[in-house]
There are 2 protein chains.
Amino acid sequence: MTAIKESSTIQENKQYALEKCPVTFVMEKIGGYWKPIILYHLSTGDKRYSELKRAIPAVTEKMLIQHLKQLEADGLVIREAKPVVPPFVTYTLSNAGTGLLPVIDAMAAWAFKVKDGVYTI
Amino acid sequence: MTAIKESSTIQENKQYALEKCPVTFVMEKIGGYWKPIILYHLSTGDKRYSELKRAIPAVTEKMLIQHLKQLEADGLVIREAKPVVPPFVTYTLSNAGTGLLPVIDAMAAWAFKVKDGVYTI
DNA sequence: CATGATACATACTTTAGGGTAAGTACTTGT
DNA sequence: ACAAGTACTTACCCTAAAGTATGTATCATG
């Protein structure tokens, strides 16, 4: 999690958008290149850290946990660690995370409509 | 529209996410602090450039136009200019743009659930 | 004659987020 | 004794997106 400089216009504006705009609120949670993909992989059931890593080969480990930590902090996923060695950690969608799935479906539906030329963009 | 350096990992990854993930595809279109807000203001009917400017006081003109141009390039809004002086330009949601409204509604619904404590995050 | 309103454009700066590379701790297998 | 697998962490760099500031053309009005 990168340090945030307090007092920059960009942060104030983000704050403004966050309060004024529920869409921005959602995008704060699922924005970031890998978050939707992580959410997608978790939508079919809980996964170990290493399973996610293998499922998304293009992501680096730093980005993977960074996003997992943010998702956890935002209450979208639940981390469970068994105190064994080697470590055994699983990530699961929370209720809030599961509640996002319809949103994701709506987005996917629109994307496929666009790709199928329904809208003649 | 900022110039894009081709061949950077971040661009390759964006490309990857774009192809693999319809959600990322959507967020490419409506990501950016002001785009959802602009879309929202256009959802109630077409607006002049200056009306948008006044409706969203926190946005700078550079950002406003930049996002409007991107939305236009992405086929979400339609720009219409009357050849008069002073200029008279209106922006309207296209069919594709209108098609996004259910997505936006779904996002807003989730956001309000979260804020109402439905999910106990 | 200069000010205001319209709808932009453009050069320059800042910063948040993403990426690279390397290291940590602990155990099992060879 | 050394590599491999687990789940991370940390220091540093690079860039895309956002922001600042200023300029442009045209006409109407005081």
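Tell me the distances, shortest first, between B:Asp116 and the same position across the other copies, using label points 7 Å along Cα→Cβ, in nm to one decimal.
Reported distances to equivalent positions: 3.2 nm.
With the crude spin-label approximation of a point 7 Å out along Cα→Cβ, what separation in nm comes out for A:Leu101 versus B:Lys113?
Reported label-point gap for A:Leu101 and B:Lys113 is 1.1 nm.
How large is ³J(HN,Hα), in whole Hz, for each residue of region B:78-95 in order, when computed from phi with the Karplus curve 6.51 cos²θ - 1.76 cosθ + 1.60 and θ = phi - 60°, using x for Gly and Pro?
My calculation for region B:78-95 gives 10, 9, 10, 10, 8, x, 10, 9, x, x, 9, 10, 10, 10, 10, 6, 7, 4 Hz in order.
Under 5 Å between amide hydrogens, which residues at least 5 positions from B:Ser94 or on another chain qualify, with H placed 1.01 Å from N in the peptide plane?
Residues meeting the criterion, in which the H sits 1.01 Å from N, are B:Val77, B:Ile78.
Identify the residues of region A:87-114 with backbone N under 14 Å of a label point that sits 7 angstrom from the Cα of A:Glu72 along the Cα-to-Cβ direction, or state none.
A:87-94
Counting each DSSP H run of 4 or more residues in chain B as -39500 (n - 2.57), what helix-only mean residue ellipticity at 222 nm follows after dividing by all residues, to the nearest 500 deg cm²/dmol?
Working: 7 runs with 70 residues, N = 121.
The helix contribution divided over chain B gives -17000 deg cm²/dmol.
B:Asp46 label points, 7 Å along Cα→Cβ, one per copy: pairwise distances from this copy to the rest in nm, shortest first?
5.5
Count, for each residue of A:35-42, the Cβ atoms from other chains sitting within 10 Å of its Cβ, then give me the mean as a whole number. Kindly include the intermediate steps, with their values, before the conclusion.
Numbers: counts 5, 9, 6, 0, 2, 4, 0, 0.
If you average over the peptide's residues, the count of other-chain Cβ atoms is 3.
Run down the aspartates and glutamates and flag those whose C-alpha is under 17 Å from the C-alpha of B:Lys69, throwing out any fewer than 8 positions away in its chain.
B:Lys69 reaches B:Glu28, B:Asp46, B:Glu51, B:Glu61, B:Glu80.
Find the relative contact order for region A:1-93 and round it to a whole percent, using C-alpha pairs within less than 8 Å whose residues are 6+ positions apart.
Values: 70 pairs, mean separation 25.5, N = 93.
With pairs under 8 Å counted, the relative contact order is 27 percent.
Skip the ligands, DNA and RNA, and give the accessible area per residue of region A:9-114 with a 1.4 Å probe, whole Å².
Dividing the accessible area of region A:9-114 by its residue count gives 50 Å².
Per the Kirkwood definition applied to all pairs of different Cα atoms, how many angstroms is the hydrodynamic radius of region A:9-114? Mind dumping the intermediate values first?
Numbers: mean 1/r = 0.0670 Å⁻¹.
One over the average 1/r among Cα pairs gives 14.9 Å for region A:9-114.
Find, among the GluC sites (Glu not before Pro) in region B:1-106, those assigned to loop by DSSP (not H, G, I, E, B) with at most 14 other beta-carbon atoms within 10 angstrom.
Numbers: sites: B:Glu6, B:Glu12, B:Glu19, B:Glu28, B:Glu51, B:Glu61, B:Glu72, B:Glu80; in loops: B:Glu6.
Those satisfying the criteria are B:Glu6.
Under the convention of a label 7 Å out along Cα→Cβ, give the distances in nm from A:Lys14 to the same position in every other copy, shortest first.
Reported distances to equivalent positions: 1.7 nm.
Share of Cα-Cα pairs in the protein assembly as shown beyond 27 Å, in percent?
Numbers: 11832 of 29161 pairs.
For the protein assembly as shown, the fraction of Cα-Cα distances above 27 Å is 41 percent.
The values are calculated or read from the model by the stated rules, or taken from the named source; none is laboratory data. These numbers were taken from a predicted model, which means no experiment stands behind them. Don't worry about glycine lacking a Cβ; one is built from the backbone with ideal geometry, like all the others, and counts go over all protein chains shown. Protein only, heavy atoms only, side chains kept; ligands, DNA and RNA dropped before computing areas. Shrake-Rupley method; radii C 1.70, N 1.55, O 1.52, S 1.80 Å.
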